[in-house]
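Peer 1: Before I ask anything, here is the structure I am working with.
The values are calculated or read from the model by the stated rules, or taken from the named source; none is laboratory data. All values reported here derive from a predicted model rather than from experimental measurement. Every residue, glycine as well, gets a Cβ built from its backbone with ideal geometry; the counts of neighbours run over all protein chains shown.
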Amino acid sequence: MTELLAPPPAHALLADGTQITIRPLRAEDTDAVQRMHERMSPENLYFRFFGFNHDIAERIAAELCRGPGPDHTALGAWLAGDLVGVAGLEPAQEAGACEVSVAVADHMHNRGVGTLLLEHLASAARDRGVRAFRADVLVHNTAMLEVFADAGLKVQRQTTGTVTELTIPLDADDRYLDAVAERERTANVASLTGLLRPASVAVVGAGRKRGSVGNAILRNIVSAGYTGRLYAVNPHARGTVAEVPAVGSVAQLPEPPDLAVIALPAPAVAAAAVECGRRGAKALVVVTSGLDADTSRALTSACHRYGMRLAGPNCLGIANTESSVALDATFAAHHPLPGMAGVVVQSGGVGIALVDHLSRLGVGISTFASVGDKYDVSGNDMALWWEADPRTQLGIVYLESFGNPRKFSRTARRVARTTPLLTVMAGRSAAGRRAAASHTAAAATPAATQEALFRQAGVVATHNLGELLSVATLLAYRLIPDGPNVAVVSNAGGAGVLAADACADAGLTVPELSADTRETLASLLPVGATATNPVDTTAAVAPRVFERAVSAVAADPGVDSVLAVAVPTAAGELPTAVDWADGIAAHGKPLAAVLLDQSETIAVRRGRGGQAVPAFAYPEDAVRALAHAWHYRHWLDRPQGRVPDLAGVDADHTATIIRGFLTETPDGGWLPPAATMELLAAYGVPMAAWRFAESGVQAAAVAAELGGPVVLKADVAGVVHKAASGALELDVPASQAAEAYARLAGRFGARMRGALVQPMAESGVEVLCGVVQEPVFGPLVVFGAGGTATDALDDRAARLSPLTDVDAAELIRAVRTAPLLVGTPDHEGPPPVDVDALTDVLLRLSRLAEDHPDVVELDLNPVIARADGVVAVDARVRLHPEPRWDPHLRSLRASGV
């Protein structure tokens, strides 16, 4: 266990949405700690200290505030400058354990202060090697017992007399993370109420002249029919602005506003935020752009000091079309149509386009948030709001960055179960990917990998706004196929062929229709028609016959969705989407139309019964939308899996290796081979036998011990790819090991520190397994074809860590060479390898990446996979000191810059 250093200050939300500050206690806090304890009721003191003596307050304050050190750390919770809770850690007698104590001011009980303090202490302790908390609690202190139980940790109890001894392992398993996520959801939704359901709004900087941003926002709020109380703040106003009551300053507002919208020049923003906080505002929207670093810090500081949530700065504003609110606090030209889509964007221009198109398509908007520079409110916050909002049927997230991608991923996996989430991938170009020395890092973030990562998290990832709108339309109207099988019906054979090709490109299937369906079609269609899939009805088909053909293929049990393609001709009347919708309604399968004469890329037609039919101008757009909808269905239907417990993991030993290397090499680098092998062995990764030799004599002795032909791998600083650098001697008889060592030494001279000696590996399927700390998504596990053909084959896939057992199994099957590993249906080729053993390796690498963020790149290449097991033959690990942070810790953004 390392020394207990103090975690950095943080801002977090209580259960009711109130914002508090959690920071280490210092000597200057002694009086505040003493006062808090002196004000505690006798009952509270008795439960905390097993006695009524108020004199104990001075001693406790001195102990808690003596400053962090190797044997102590303590945190305080502050609400509006008042200390409302404390928690401390002291080493326990058991190795790897600490005694924990928590005390909360009387008036703050049952608001989540104790739980938040416990979470922050647990995160700091876990990162420093503490494995468990210990605490003694009176059996009648039900409130504190509930704090420990509700935390989600596995509390072990032993009661002796009136005291219950608690032992609390600090494993951050799914149970704990789910409990934290539920508390975060409740707190976030409560904190956002002032922003998205305000009972009163003040526009600060509401100009009197049309054309100013403040005036446009004020008029939008009025014209949208806002149901709450609205005020304008303008020092030059005379009673009203745009017929809205106006005052000269925030301090003169007749009531504290739930929401203040600030549309002032950049230098005035911070002072206005302070005034809003003093007046009691709950939330801010700052549309102003161009804030410098000092103003940004001052704005963020004011929000934290007064407990205000912040959208922006540099944003378009926010909107909530709920009839009981009817708020449009944006400066967009048009009001959003009330509807079912939640939207969060950073770009105001993109936000306007999305709102306008979703309104046109009849999908409409439930809530809209333009978060601009995203100092506080983020996509994570909005996803939690949508999860709790029954009006929101899908969520659209268009952000250039994810401040906490790990938390977003976990949130998305839960929210997407009930509310589809969509995004547009950004930074897909090669210029946006970072260069790296290892195969694993080089493979981490191509576009296909990004899409797979989003899909793993349940997010529908599209390549452009048009594609996003197409998929959003299908999902909004719940037109989601149960499978990948598409029936194509067209009155133009060439258009049907294009649609079928598009299906193949998108991973959908155009299956053979059943004999009954083909017979029905043959009896319906005119001479010259084709009754196979794709169905060609010919250009002369009557509208009623086309409708019946669509209905016939929809009735086929092997069809999951129908794509109807029509082009106007002089030979007959153009079939209509209205007729098609009525023909397919009884079968409950999605229908997408392609109208090749349609000027809009996508529109929504309605059947006579009101059914929505998305109509596309091009078959490729329709097919991509169906493919995304099918992948979402597939994700919903797949088992969620679990992150399994792994035996044989020694995280402490690995941490010692990492700490020792980074102490000697503060800037990081590639771990020496022997240390690499030792690190991997500590996580139970099956490694080929090895010995390290520092001379030719040692190499000969080691080769004789290992027996048979051996491999010598030179340990040379800066040499990563050994084969390309001449740092390998292969298939060396034991009797010639000394000579092979000498050859390596001759190539590298004094740069060579020794050589790793291993027996030649048996043949098998060579694969690559690795991890990389990716800057956008966090730790990734990469898998693919390995050996000397790694780069040539370029056959790799990646998944977000932590991997579940289902994720690991899917990762193995995601590469093109998967049949070599899992076998083929016809049983041709070599027998399947031990997939369970390969899955176990991936799970261990995932756990290693989670436990040790300083491991920024790791390659196992090749890993030899055979029917009787797997073994890693070569490995390299790059370390870099990374700041310690807990992605699942409940805290708000600390800074606006």
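Peer 1: Can you tell me how many residues in the stretch 501-523 are buried (at least 21 other Cβ atoms within 10 Å of the Cβ) and either assigned to a helix (DSSP H, G or I) or small (Gly, Ala, Ser) (or both)?
Peer 2: Residues in the stretch 501-523 being buried (at least 21 other Cβ atoms within 10 Å of the Cβ) and either assigned to a helix (DSSP H, G or I) or small (Gly, Ala, Ser) (or both): 4 in total.
Peer 1: Within the stretch 651-664, can one find any residue that is surrounded by fewer than 18 Cβ atoms within 10 Å (Cβ to Cβ) and either part of a loop (DSSP other than H, G, I, E, B) or not assigned by TED's automatic domain parsing to the domain that holds residue 862 (or both)?
Peer 2: No.
Peer 1: Condition test on residue 20, is it more than 19 Å from residue 116 (Cα to Cα), touching a strand residue (DSSP E or B) at 6+ places or on another chain (Cβ under 9 Å) and either modelled with pLDDT of 95 or more or part of a helix (DSSP H, G or I) (or both)?
Peer 2: It is false that residue 20 is more than 19 Å from residue 116 (Cα to Cα), touching a strand residue (DSSP E or B) at 6+ places or on another chain (Cβ under 9 Å) and either modelled with pLDDT of 95 or more or part of a helix (DSSP H, G or I) (or both).
Peer 1: Okay, next question. Which residue pairs have Cβ atoms closer than 7 Å, lie 6 or more positions apart in sequence or on different chains, and pair a first residue in the stretch 51-66 that is under 13 Å from residue 103 (Cβ atoms) and at pLDDT 70 or above with a second residue that is part of a helix (DSSP H, G or I) and of a type outside the set (A, V, I, L, M)?
Peer 2: Between residues of the stretch 51-66 that are under 13 Å from residue 103 (Cβ atoms) and at pLDDT 70 or above and residues that are part of a helix (DSSP H, G or I) and of a type outside the set (A, V, I, L, M), the close pairs are 56/49; 57/34; 57/37; 57/38; 60/37; 61/30; 61/34; 61/37.
Peer 1: Also, quick follow-up: Answer with yes or no whether residue 787 is farther than 18 Å from residue 713 by Cβ, assigned by TED's automatic domain parsing to the domain that holds residue 876, modelled with pLDDT under 95 and among the small types (Gly, Ala, Ser).
Peer 2: No.
Peer 1: Is it true that residue 116 is in the same structural domain as residue 83 (by TED's automatic domain parsing) and under 16 Å from residue 167 (Cα atoms)?
Peer 2: Against the criterion (in the same structural domain as residue 83 (by TED's automatic domain parsing) and under 16 Å from residue 167 (Cα atoms)), residue 116 does not qualify.
Peer 1: Could you please give the count of residues in the stretch 324-335 that are in a loop (DSSP other than H, G, I, E, B) and over 12 Å from residue 197 (Cβ atoms)?
Peer 2: Of the residues in the stretch 324-335, 5 are in a loop (DSSP other than H, G, I, E, B) and over 12 Å from residue 197 (Cβ atoms).
Peer 1: Considering only residues that are assigned to a loop (DSSP other than H, G, I, E, B) and more than 17 Å from residue 263 (Cβ to Cβ), look in the stretch 181-223 and name the one that is nearest to the chain's Cα centre (by Cα).
Peer 2: Of everything passing the filter in the stretch 181-223, 197 is nearest to the chain's Cα centre (by Cα).
Peer 1: Report, by residue number, each residue of the stretch 163-180 that is among the aliphatic types (A, V, I, L, M) and either assigned to a helix (DSSP H, G or I) or in contact with an Asp or Glu (Cβ under 7 Å, 6 or more places away or on another chain) (or both).
Peer 2: Within the stretch 163-180, 163, 177, 179, 180 qualify.
Peer 1: Inside the stretch 123-153, can you point out the residues that are in contact with a Phe, Trp or Tyr (Cβ under 9 Å, 6 or more places away or on another chain), assigned to a loop (DSSP other than H, G, I, E, B) and surrounded by 15 or more Cβ atoms within 10 Å (Cβ to Cβ)?
Peer 2: 141, 151, 152, 153
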